[in-house]
2 protein chains.
Amino acid sequence: MRVAEEQGYSVNIQASVLRREKSNIIGMLIPKYDNRYFGAIAEQFETMARARGLFPVITCTQRDPDLEIAAAKELLSYQVDCLIATGATDPDRISALCSAAGVQTINLDLPGTKAPSVISDNFAGARDLASLILDHQRTPSAPLLFIGGRESDHNTRERVRGFVAAHEDRGMSVSSNLILTCGYAADKAEAALMAFDGPVPRGLFVNSTITLEGVMRWLYRQSREARAAIRYGCFDWDPFAALLPANVGMARQDVVSMLELAFRLLDAEPDTVSSQQVPCVLTCLV
Amino acid sequence: MRVAEEQGYSVNIQASVLRREKSNIIGMLIPKYDNRYFGAIAEQFETMARARGLFPVITCTQRDPDLEIAAAKELLSYQVDCLIATGATDPDRISALCSAAGVQTINLDLPGTKAPSVISDNFAGARDLASLILDHQRTPSAPLLFIGGRESDHNTRERVRGFVAAHEDRGMSVSSNLILTCGYAADKAEAALMAFDGPVPRGLFVNSTITLEGVMRWLYRQSREARAAIRYGCFDWDPFAALLPANVGMARQDVVSMLELAFRLLDAEPDTVSSQQVPCVLTCLV
DNA sequence: CAATCATGCTCCATCGATTGAGCAAGCTTG
DNA sequence: CAAGCTTGCTCAATCGATGGAGCATGATTG
C-alpha cells in the first residue's frame, strides 16, 4: 500500500463504488457561476463536503429547467449519496426523482415541498433593505420601484412582501405597477426600465446582482442629473457593487450558515420536510 | 428501454465505466469561484463539455498546492478521460501524474512545460492596459504602480514585462520599488499599499479583480482629495468594477476563445507541447 | 493438555454494464 | 438444394474493489 501510494497508484473508484453500493459523492445543482452568491455557495459546499470525506460534484444548470432535470438524472446515475438542489426552478420534480432512487435531497436558496429546504429569510431581509432605501432616497416619502425576479419564484414573492411591508410600516402604499418582476436577467431588467410607463421612481429595490447589472446599464443611459437623483439597494452582495456611488445598501445572504444548516439536515433523519430560514446580513453603505 | 426511460431508470455509470474503461468524464481544476473570470471559465467549460457528450467535473482548489495535487489524484481515480488544469501553481506535477495514468492534460491560464498550454497574451494585454492608464492618469509623465500577483507566476512576470514596455514606449523607466507583487489576495494588496514607502503613485495597474478589492479598500481609507486624484486600470473584467469612477480600463480575457482552443488541442494529437496565446480585449472606460 | 478464542491470511462471489462468442433462423446465390 | 451470408438473439466472461467465508497459526484458560 505504501509503495502504491508512492508510485501514484490509486483505487479505481468506479469498481469501489460498484461493489460498496455507496459512492461518497455529494452532488449539487447550481444555476450559474456568474455572481458572488452562487460562487460562494459552490466554494463553501466543496470545502464542507471535502471536510466530511465526500467528493463534491457541482453541475451548473444555466437556469434551464430541462438541463436541471437532465443534470439531476445524470448525477443519480453516478449513484450520488445525496443531492443539494440550489435555486432550482422545479425542486419537487428533482426531489421526486431522487426519492425514487432512494437519494436524500435538500433544497437550497429556493424551497420545495417534498424535501427539506434551507433558504434566506427573504421577507425580513427585503423589509430591512427597502426600509434602508426609503430612509436614504432623495425624495423621502415616495414609494420605491421593485425590479427583477419572477412572480413564480418563492423568493421574489417573499421579497415583494417584505418590500410592501416596509412601505406599510410608514403608512405608505405601493401600487402594483411599481413592481417589475421581469426576470433576473440583466437584459430584461434594462428593457423593463426602458419601457416603464412614466418617470422611474428615484429609489430602486433591485432583486439580485445580476438584475443590478441591467439596472446600471439603464442608469448610465440617463442624464447625469437624473442619475444623480437616484438611489438604490440590492438583494445579494458584491464587493464592487457595494462601492458604486448611489448604492445605499445590500442584503447579503449568509452562505456559511445556510450550508452548515443544509449539511446538518443531511445528517439528521429525513423525517420532516421543514423549511428553515436563515437571516440575511444588511450592509449599510451610507 | 422506453419503459425504463419513462419510469426514470438510468444506467449505473460506475458499472458502465468499469467495463468500458472509458469514463466520458472531463475534469477541471480551478482555483476559485469568486470572480468573473474563473466563473466564466467554469460555465463555458461545462457548456462545451456537455456539447461534446462529456460529463464535466470541476474541482475548486482554493489556490492550495496540496489540494491541487490531491484533487488531481482524486479525478484520476474517477478515470477521467482528460483534465484541464486552470491556473495551477504546479502544472507540471499535475501533467506528470496524468501522463503516468495515460490521461491527456491541458494547462489553462497558466502555462506548464509538460502539456500544451492555452493562456492569454498577458504581455500585449498588460502593455495596452498600462498605456491606457498612462494616457488617462492625472499626472501625465509619472510612472505607474504595479500591484498584485506573484513573482513566481508566469502571468505576473509577463504582465510586469508589458507594464515596463508601455513605460519604455514613451521613454519612461520604472524603478523596481513600483512593482508590488505581493500576491493576488485582497488583504495582501491592501497591506502592501498601506506599507508603501512614500506617497503612492496616482496611476495604478491592478493585476486582478481580487487584488482590486484590496486596492479599493485602501483607496476608501484615503482622503477624498487623494482618492479623487487616483486613476487605475485592472487586468480581468468585472461588470461592477467597470462602473467604478476612477477605473480607466479593464483587460478582459477572452474565455470563449481560450476554451475553444483548449478543446481543439484535446481533439488534436498530443504531439507538441505548445503554448498558445489568446489576445485580451481591452475595455476603455473613459 | 485439550478446548476455546483471537488474529491474520487467502480465496471467491459479488456489484451492473458491456461485448464478443455462439447459435438459430431466414435469405441469397451458384 | 447446398453453401455461404446476414440478422438478431442469448449467454457468459470481464472490468477492479470489497467483504465475508474458510482456514491456519498462535495465545489463553480451565
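The values are calculated or read from the model by the stated rules, or taken from the named source; none is laboratory data. The model shown is predicted, which means the values in this text are computed figures rather than measured ones. With ideal geometry, Cβ positions are generated from the backbone for all residues, glycine too; neighbour counts draw on all protein chains shown.
For the stretch B:31-46, which positions are without any contact (Cβ under 8 Å) to a residue 24 or more places away in the chain and more than 10 Å from chain A (Cβ to nearest Cβ)? Scanning the stretch B:31-46 gives no hits. The residue pairs whose first member lies in the stretch B:275-286 and is over 18 Å from B:Y232 (Cβ atoms), whose second member is of a type in the set (S, T, Y) and assigned to a strand (DSSP E or B), and whose beta carbons are closer than 6 Å, counting only pairs six or more residues apart or on different chains, are B:S275/B:S117; B:V278/B:S120.
Checked against the criterion of being surrounded by fewer than 24 Cβ atoms within 10 Å (Cβ to Cβ), under 30 Å from A:M258 (Cβ atoms) and at pLDDT 95 or above, the candidates A:E168, A:E151 yield just one match: A:E168.
Taken as a whole, the condition of being away from DNA strand D (no atom under 16 Å from the Cβ) and farther than 20 Å from A:V273 by Cβ applies to A:I58.
Looking at the stretch B:86-104, is at least one residue within 8 Å of chain A (Cβ to nearest Cβ) and under 23 Å from the mean Cα position of the chain (by Cα)?
Within the stretch B:86-104 (the criterion being within 8 Å of chain A (Cβ to nearest Cβ) and under 23 Å from the mean Cα position of the chain (by Cα)), the answer is yes, since at least one residue qualifies.
Residues that are at the interface with another protein chain (Cβ under 10 Å from one of its Cβ atoms) and more than 15 Å from DNA strand D (Cβ to nearest atom) were ranked within the stretch B:18-30; the one that is surrounded by the fewest Cβ atoms within 10 Å (Cβ to Cβ) is B:I25.
Within the stretch A:209-227, if we keep just the residues that are more than 13 Å from chain B (Cβ to nearest Cβ) and of a type in the set (G, A, S), the residue that is surrounded by the most Cβ atoms within 10 Å (Cβ to Cβ) turns out to be A:A226.
When B:A71, B:A42, B:A15 are screened for being small (G, A, S), surrounded by fewer than 18 Cβ atoms within 10 Å (Cβ to Cβ) and either touching a Gly at 6+ places or on another chain (Cβ under 9 Å) or assigned to a helix (DSSP H, G or I) (or both), only B:A15 passes. Please specify each residue of the stretch B:229-259 satisfying the condition of being small (G, A, S) and away from chain A (no Cβ under 14 Å). Across the stretch B:229-259, the qualifying residues are B:A229, B:G233, B:G249, B:A251, B:S257. Within the stretch B:232-255, being hydrophobic (A, V, I, L, M, F, W, C) and assigned to a strand (DSSP E or B) holds for B:C234, B:F235, B:V248, B:M250, B:A251. Taking every residue in the stretch A:47-75 that is in contact (Cβ under 8 Å) with a residue 24 or more places away in the chain and pairing it with any residue that is of a type in the set (S, T, N, Q) and not in a helix (DSSP H, G or I), at least 6 positions away or on another chain, the pairs with Cβ-Cβ distances below 6 Å are A:L54/A:N24; A:F55/A:N24; A:P65/A:T89; A:E68/A:T61; A:A71/A:T59; A:A71/A:T61; A:K73/B:S10. Among the criteria (1) loosely packed, with under 14 Cβ neighbours inside 10 Å; (2) assigned to a helix (DSSP H, G or I), the one B:V286 does not fulfil is (2). For the stretch B:7-17, filtering for residues that are within 8 Å of chain A (Cβ to nearest Cβ) and away from DNA strand D (no atom under 12 Å from the Cβ) leaves 4.
For the stretch A:256-268, the criterion of a residue being farther than 26 Å from A:D92 by Cβ and touching a Cys at 6+ places or on another chain (Cβ under 6 Å) is satisfied by no position.
Scanning the stretch B:101-118 turns up no residue that is in a helix (DSSP H, G or I), crowded, with 19+ Cβ neighbours inside 10 Å and not assigned by TED's automatic domain parsing to the domain that holds B:P199. With the condition kept exactly as written, say whether any residue in the stretch B:260-267 is outside any strand (DSSP E or B), away from chain A (no Cβ under 12 Å) and more than 22 Å from B:G87 (Cα to Cα). Looking through the stretch B:260-267, none of the residues is outside any strand (DSSP E or B), away from chain A (no Cβ under 12 Å) and more than 22 Å from B:G87 (Cα to Cα).
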